[in-house]
Every structure is written in structure tokens, then in C-alpha cells.
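The values are calculated or read from the model by the stated rules, or taken from the named source; none is laboratory data. Quantities reported herein were computed from a predicted structural model and do not represent experimental measurements. Virtual Cβ from ideal backbone geometry, glycine too; neighbours counted across all protein chains shown. Surface accessibility is based on the protein's heavy atoms, side chains included, excluding ligands, DNA and RNA. Shrake-Rupley method; radii C 1.70, N 1.55, O 1.52, S 1.80 Å.
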Amino acid sequence: MGKYIVELLGTMFLVFVILTTGNYLAIGAAVAIAVLLGGPISGGAFNPAVVMALYSAGKLQQTDIIPYILMEVLGGLAGFYLYSKL
């Protein structure tokens, strides 16, 4: 369950930084921070396209695809919600 929460929080953080700054250096730093902190726990996908790439490479089990994508969508929506409340 922890890896799904990490995907949600990492995606939320990334979407929030994208929406608030729009700065490519800040976005790159956010991705780096999210992957460094969440990578050892969840693999650091934070994007459904990356989930599919990890599955295709054999680094992610088929049973994890739907929960990862669902948590990433919810994380994206949560990041947008936080941004809309600024």
C-alpha cells in the first residue's frame, strides 16, 4: 500500500510544481526530488506512460498497473486542487 501512496504524493507534488511555477528548472528539480525520495519505494513512475514502460521492461507486475495509474490520476487531481486553492 505504501508504494501507491508514494505514487499519489509524488504525482501531486509534481503537478503542483508544474502549475505554480511553469519553470523547467523547478519542474526538473521536482522530478529529481520525487524520484530520489520515492524511487526506492515505488519505482518513481509518477506518470502512466512511465508505468507502461516499466511494465514493458519487466520491472513492474501486471497487478500493479491499474492501482499505479489510479493513484497517479488522483495525485494529479489533488495537485490541481491545491493549486486552485491558492
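With K and R counted +1 and D and E -1, the other residues having a Cβ less than 9 Å from that of Val51 yield a net charge of -3.
Measuring between their Cα centroids, region 7-23 and region 50-65 lie 22 Å from each other. Across the chain, Cα-Cα pairs more than 16 Å apart make up 49 percent of the total. Here region 26-66 yields Rg over Rh of 1.01, to two decimals, using C-alpha coordinates and the Kirkwood radius. The accessible-area ordering, largest first, of the residues Ser84, Ser42 stands as Ser84, Ser42, per a 1.4 angstrom probe. The length gained by stretching the chain between Lys85 and Thr63 to full extension, at 0.36 nm per residue less their Cα-Cα distance, is 4.5 nm. Its relative contact order, with pairs defined as Cα atoms under 8 Å and 6+ residues apart, puts the chain at 46 percent. Quick one, could you list the DSSP H helices from the chain stretching 27 Å or more along their long axis (Cα atoms) with average Kyte-Doolittle hydropathy of 1.6 or above? For the chain, where a helix must reach 27 Å along its axis and average at least 1.6, the hits are 2-21. In percent, rounded to a whole number, the relative contact order of region 1-48 is 49, using alpha-carbon pairs under 8 Å and six or more apart.
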